[in-house]
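Undergrad: Submitted below is the structure of interest, expressed as structure tokens.
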Ligand SMILES: Cc1ncc(C[n+]2csc(CCOP(=O)(O)OP(=O)(O)O)c2C)c(N)n1
């Protein structure tokens, strides 16, 4: 079903809130992977506000939907969202990545309430997600497992083993979403290790593919609905995004893969988020 005007308005509002939160947490931490956090904001926003079934008062609920942030370096984008959804007190994010904090740069599911998997070593989130999805089948539960993967991360061979196995076992409850922002830590993916033609590769491995603008909530909504309805062949969503999205001076700039920001940059960043919303 298409998004109603109210749903769209609310999603846009939540995305702006999350972008501002990411700026704050990056400032408190003294630096973080802000570029790749900003590119996935709209994807995470629609998952946690529209599609995912969870209960922050019972994070271990057996039939909750799972979310795995395979590009775990972007935990600065997920932690404030979990706080906004009531899994823990937002104030605790002021310690992000500091000594003795529950929040490392790469989030730890033993320390962060509501986090389904510890990630950060690239290439592991999709295999973990496949295991979660297969566990649902074995246990007769009908939850979905969503997994956000980086495009640079697609260089990791373990992803392709998981993709092949997911197609073989027809694991349609697994919904991978590639945050296709075209950049990685030290340059453009096409120059470091090209993954083109990405859609054809997924198709050859047995997936249906839907390619969208990952900042357009209507397209995200439609794609996630289609992926949820898949039978036999699982579906991947390739979400074309912009690294640093929402902050004009960070957009499409590799140097903002990881950045430290002072109070002046915080102000500039928030002004840009406001102007872009
Ligand atoms: C196994 C492994 N190798 C290298 C790294 C270092 N690393 C951190 S982020 C990154 C680039 C990831 O690029 P991408 O997946 O495109 O993430 P995004 O641009 O969306 O932040 C790399 C190589 C890592 N975390 N894990």
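Undergrad: Quick one: order 106, 168 by neighbouring beta-carbon count within 10 Å, fewest to most.
TA: So the ranking, lowest neighbour count to highest, is 168, 106.
Undergrad: On to the next question. What's the angle, to the nearest 10 degrees (0 to 90), between helix 157-168's Cα axis and the longest principal axis of the chain?
TA: 40
Undergrad: In terms of the Cα gyration tensor, with a ≥ b ≥ c the square roots of its eigenvalues, is the stretch 115-226 rounded because a/c is under 1.5, prolate because a/b exceeds b/c, or oblate?
TA: Values: a/c = 1.62, a/b = 1.36, b/c = 1.19.
Prolate is the answer for the stretch 115-226, as a/c is 1.5 or above and a/b outweighs b/c.
Undergrad: Okay, next question. Specify the angular offset, from 0 to 90 degrees and rounded to the nearest 10, of the alpha carbon long axis of helix 217-228 from the longest principal axis of the alpha carbons in the chain.
TA: For helix 217-228, the angle is close to 30 degrees.
Undergrad: Please report, to two decimal places, log10 I(q)/I(0) for the chain at q = 0.10, 0.12 Å⁻¹ as given by the Debye formula with identical point scatterers on the Cα atoms and no solvent.
TA: After summing over all Cα pairs, the log10 values are -0.46, -0.69.
Undergrad: Set the Förster radius R0 to 25 Å, insert the Cβ-Cβ distance between residue 201 and residue 258 as r into 1/(1 + (r/R0)^6), and round the FRET efficiency to 0.05.
TA: 0.35
Undergrad: Another question, then. On a 0 to 90° scale, report how tilted helix 75-84 is relative to the longest principal axis of the chain, with both axes built from alpha carbons and the result rounded to the nearest 10.
TA: Once rounded, one gets 90 degrees.
Undergrad: Using helices alone, I'd like the mean residue ellipticity at 222 nm for the chain: each DSSP H run of four-plus residues gives -39500 (n - 2.57), total over residue count, nearest 500.
TA: -12500 deg cm²/dmol
Undergrad: Here's a follow-up. Relative contact order of the stretch 5-276, please, whole-number percent, based on alpha carbon pairs below 8 angstrom and at least 6 residues apart. Before the final figure, lay out the partial values.
TA: On the way: 534 pairs, mean separation 62.3, N = 272.
Once divided by the residue count of the stretch 5-276, the mean separation gives 23 percent.
Undergrad: To make sure I understand, if each residue's beta carbon is the centre and we count other beta carbons within 10 Å, what order do 164, 105, 250, 235 fall in, fewest to most?
TA: Final ranking by Cβ density, sparse to dense: 164, 105, 235, 250.
Undergrad: Listed highest first by mean packing, meaning other Cβ atoms within 10 Å per residue, what order do 3-14, 213-224 come in?
TA: Most protected by this proxy first, the peptides run 213-224, 3-14.
Undergrad: Something else: Which of these, 23, 266, 171, has the largest mean-square fluctuation under a Gaussian network model of the chain (Cα springs below 10 Å)?
TA: Evaluated over the chain, the most mobile residue of the options is 266.
Undergrad: So, one more: Give me 118, 277 ranked fewest to most by other Cβ atoms within 10 Å of their Cβ, as a rough exposure proxy.
TA: 277, 118
Undergrad: Rank-order 72-80, 128-136, 91-99 by packing density, defined as the average count of other C-beta atoms within 10 Å over each peptide's residues, highest first.
TA: Numbers: 72-80: 27.1, 128-136: 20.2, 91-99: 14.7.
Listed from highest to lowest mean packing, they are 72-80, 128-136, 91-99.
Every number in this text was worked out from the coordinates using simple rules, so none of it is lab data. Every value quoted in this text rests on a predicted model; they were computed, and no experiment measured them. Note: ideal-geometry Cβ built from the backbone for every residue, glycine included; neighbour counts use all protein chains shown.
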